[in-house]
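Only one structure is covered here, and it is reproduced in the block below.
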Amino acid sequence: MPTVAAVKELPEPPGLPQPLPEPALEELRLETVMGALSDPLRMRIVQKLLLEREQFDHPCGWFGLDRPKSSLTHHFKALREAGIIRQRQYGLERRSHVRVADLDTRFPGLLALVTAWTPAPR
């Protein structure tokens with residue numbers, strides 16, 4: 001059985017801006033979450049947030065993705081609307097983190113699968 005990488009959990013700092021609109025815990029739907037995670041780029045975003053984060057939340061530029069801003073905006077919005085990430089607006093910048101507690105409560109084991117995922121070779 002493969003080992004599961006440890007998810008980096010960091011405490012929520014005080015004074016955070018309100019999150020952007022997102023589904024409530026009881027509104028999270030497995031088919032919606034799985035649909036959002038079916039895109040390899042979105043899966044990489046979530047995996048990086050789970051395993052490599054250095055702060056509580058991160059701006060889009062931290063991910064080092066070579067994509068147009070409009071494309072990244074679309075992917076982050078899909079993850080937020082599915083309930084996978086929470087985003088907050090800091091001035092002109094949006095920062096993201098995974099809703100670990102909510103996803104573990106609603107879909108136990110799902111994030112372990114994301115952390116163990118190996119992308120297909122390009």
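The set of residues in the range 52-75 being over 14 Å from S96 (Cβ atoms) and either assigned to a helix (DSSP H, G or I) or in contact (Cβ under 8 Å) with a residue 12 or more places away in the chain (or both) consists of R67, K69, S70, S71. Can you find even one residue in the range 60-77 that is within 17 Å of P17 (Cβ to Cβ), surrounded by 15 or more Cβ atoms within 10 Å (Cβ to Cβ) and modelled with pLDDT under 85? There is at least one residue in the range 60-77 that is within 17 Å of P17 (Cβ to Cβ), surrounded by 15 or more Cβ atoms within 10 Å (Cβ to Cβ) and modelled with pLDDT under 85. Do we find that R44 is assigned to a strand (DSSP E or B) and not β-branched (V, I, T) in this structure? Criteria not met by R44. Among the residues of the range 3-58, those identified as among the polar types (S, T, N, Q) and at pLDDT 90 or above are Q18, T32, S38, Q47. In summary, E22 fulfils each of the numbered conditions (1) under 22 Å from W117 (Cα atoms); (2) touching a strand residue (DSSP E or B) at 6+ places or on another chain (Cβ under 7 Å) with the single exception of condition (1). Is it true that L20 is in contact (Cβ under 8 Å) with a residue 60 or more places away in the chain, hydrophobic (A, V, I, L, M, F, W, C) and exposed (fewer than 13 other Cβ atoms within 10 Å of the Cβ)? For L20, the condition - in contact (Cβ under 8 Å) with a residue 60 or more places away in the chain, hydrophobic (A, V, I, L, M, F, W, C) and exposed (fewer than 13 other Cβ atoms within 10 Å of the Cβ) - is not met. Pairs linking a residue in the range 103-122 that is farther than 14 Å from L28 by Cβ to a residue that is polar (S, T, N, Q), with Cβ atoms under 9 Å and 6 or more positions apart or on different chains, are V114/Q47; T115/Q47; A116/T3; W117/Q47; P119/Q47.
The combined condition, being modelled with pLDDT of 90 or more, closer than 30 Å to P14 by Cβ and among the small types (G, A, S), is fulfilled by G83.
Which residues, taken from the range 87-122, are more than 14 Å from the chain's Cα centre (by Cα), surrounded by 11 or more Cβ atoms within 10 Å (Cβ to Cβ) and closer than 20 Å to P23 by Cβ? Listed by number, the residues that qualify are Q89, T105, R106, F107.
The values are calculated or read from the model by the stated rules, or taken from the named source; none is laboratory data. Quantities reported herein were computed from a predicted structural model and do not represent experimental measurements. Note that each Cβ is placed from the backbone with ideal geometry, even for glycine, and that neighbours are counted across all protein chains shown.
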